[in-house]
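Working notes, structure below.
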Amino acid sequence: MAGGGGSSKRPSGGMYKRVPKDLTEATMLGGLMSILCITTVIVLFFTETYAFLRTNVSTTLDVDETPDQQIRLNFNITMHNLLCAYASVDVWDSLGTNKQNVTSNVEKWGVDREGRRVA
């Protein structure tokens, strides 16, 4: 059979084998299970779709009404080339509140080149 005009050979059994007859027979229990599963899927689909569609977005803002509490902060910084008149303290908290030039309880002393306090 030269020339390719002959019959093509297919593998016997094919890719999918035959399912045994006892696994394809319909039973009353199988029918009830199928109906129960389809009903469950339909109910879940509609209830989840309804829950998704009725969702609303809510935004709330709670203001902290506690009194403005301050903490005591001690620090010791020596800057030889900066005059005390130009030194200031700015405070930022975690919420972004900014207090500039907080000098009510800040003590400043001039120092000489060795770091000793000048009177």
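Per-structure values
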{"item": "Heavy-atom accessible area ranking, 1.4 Å probe, most first, across LEU95, LEU36, LEU73, LEU82", "result": "LEU95, LEU73, LEU36, LEU82"}
{"item": "Extension gain from ASN56 to LEU29, taking 0.36 nm per residue of separation minus the Cα-Cα distance", "result": "5.4 nm"}
{"item": "Solvent-accessible surface (1.4 angstrom probe) belonging to THR49, in square angstrom, nearest 10", "result": "50 Å²"}
{"item": "Long-range amide H partners of VAL111 with built H, under 5 Å", "result": "VAL118"}
{"item": "Heavy atoms of SER34: accessible area, 1.4 Å probe, square angstrom to 10", "result": "60 Å²"}
{"item": "Selected from THR97, VAL118, ALA87, residue furthest toward positive end of dipole (the range 72-119; charges at beta carbon)", "result": "VAL118"}
{"item": "FRET E, pair ARG113, TRP92, Förster distance 35 Å, beta-carbon r, rounded to 0.05", "result": "0.60"}
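The values are calculated or read from the model by the stated rules, or taken from the named source; none is laboratory data. Note that the coordinates shown come from a computational prediction; the quantities given were computed from them, not determined experimentally. Cβ coordinates were reconstructed from backbone atoms using ideal geometry, including for glycine residues, and neighbour counts include every protein chain displayed. Ligands, DNA and RNA are stripped out before the accessible areas are found, and what is left, the full protein with its side chains, is counted by its heavy atoms. Shrake-Rupley method; radii C 1.70, N 1.55, O 1.52, S 1.80 Å.
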